[in-house]
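A short worksheet on the structure shown next.
The values are calculated or read from the model by the stated rules, or taken from the named source; none is laboratory data. Every value quoted in this text rests on a predicted model; they were computed, and no experiment measured them. Heads up, the Cβs are rebuilt from the backbone with ideal geometry, glycines too, and the neighbour counts pull from every protein chain shown. For the accessible areas, the whole protein counts, side chains as well, though only heavy atoms, and no ligand, DNA or RNA atoms are used. Shrake-Rupley method; radii C 1.70, N 1.55, O 1.52, S 1.80 Å.
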Amino acid sequence: RRPPARPFPPWRVWEALLAVGLFSASQPLASLGSSALLSATLAPELTRAQAEHELFKIVLPLVIVISHGVGWFAVYWLLVRRHGLGLLAGLRLQRLRRFRVGRVFVAGMSLQIVGVVLGAFFPPPDELASPMLRFIAYGRWAVALLFLMAVVMAPFLEEALFRGLLLPALRRRLGFVPAALLVTLLFAALHAVQTGGYLPALVAIAVTGYLLAWLREASGSLWPAVIFHMGFNFTALL
């Protein structure tokens, strides 16, 4: 059914793009800065392989924490400082009514399972090494930390930026389909660093991005998109 008409947010597209850009730029900058800083403090007697091993163990969580801090600061600046809104009201994170949490979570899991099946028929190239798989090899503490980052932190922030800020801003001037496609294109481009040129992963992320936009539009709330995203990432981690 056609989603009901809703009031558009007060912020503009350039403001939402600025928030997304700050978050996106903070990841490589934090990676370069923390790597350079930690490299200078590592013991000189370590071999290159040992140094890279120790460096990666520290840098990945540090980059996630820094980039998420920058992302949430951008969201706070746009909603609270610039437009005088509350975070929950501005992001439409109020009470969830129309969607059942369990069903939406399972739907996200199901889509990831489809991606896994596609990956079995079209396996990724050997040179495509996922940073997450490398990080899991550090042990149980790494799995627990990765669960927190991938299943809890990332869905909340990415949905706040893309479907909470950017999609409603584009809807001020565009219909749902072109607005959702533009947001999905940017969302997939941000994740292309992780997937490289591996087409099945890019297709799965693009389909997921469009469905997340549809959930946000149809429900008027950001919660269904967050929960769907959590289910998708949870199955990927499994």
Ignoring ligands and nucleic acids, Leu85 exposes an accessible area, probe 1.4 Å, in Å² to the nearest 10, of 60
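Could you give the size of the charge dipole of region 120-238 about its Cα centre, using +1 on the Cβ of each K and R and -1 on the Cβ of each D and E, expressed in debye and rounded to the nearest 20?
340
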So Leu87 and Ala120, fully extended at 0.36 nm per residue minus their Cα-Cα distance, gain in nm 7.8 nm
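Where in the chain are the helices, taken as whole DSSP H runs, whose Cα atoms extend 15 angstrom or more along the long axis and whose Kyte-Doolittle mean reaches at least 0.5?
Values: long enough: 13-41 (42 Å, 1.13); 48-76 (40 Å, 0.90); 101-121 (31 Å, 1.81); 176-195 (28 Å, 1.82); 199-219 (30 Å, 1.30); 223-237 (21 Å, 1.07).
Helices meeting the span and hydropathy rule in the chain are 13-41, 48-76, 101-121, 176-195, 199-219, 223-237.
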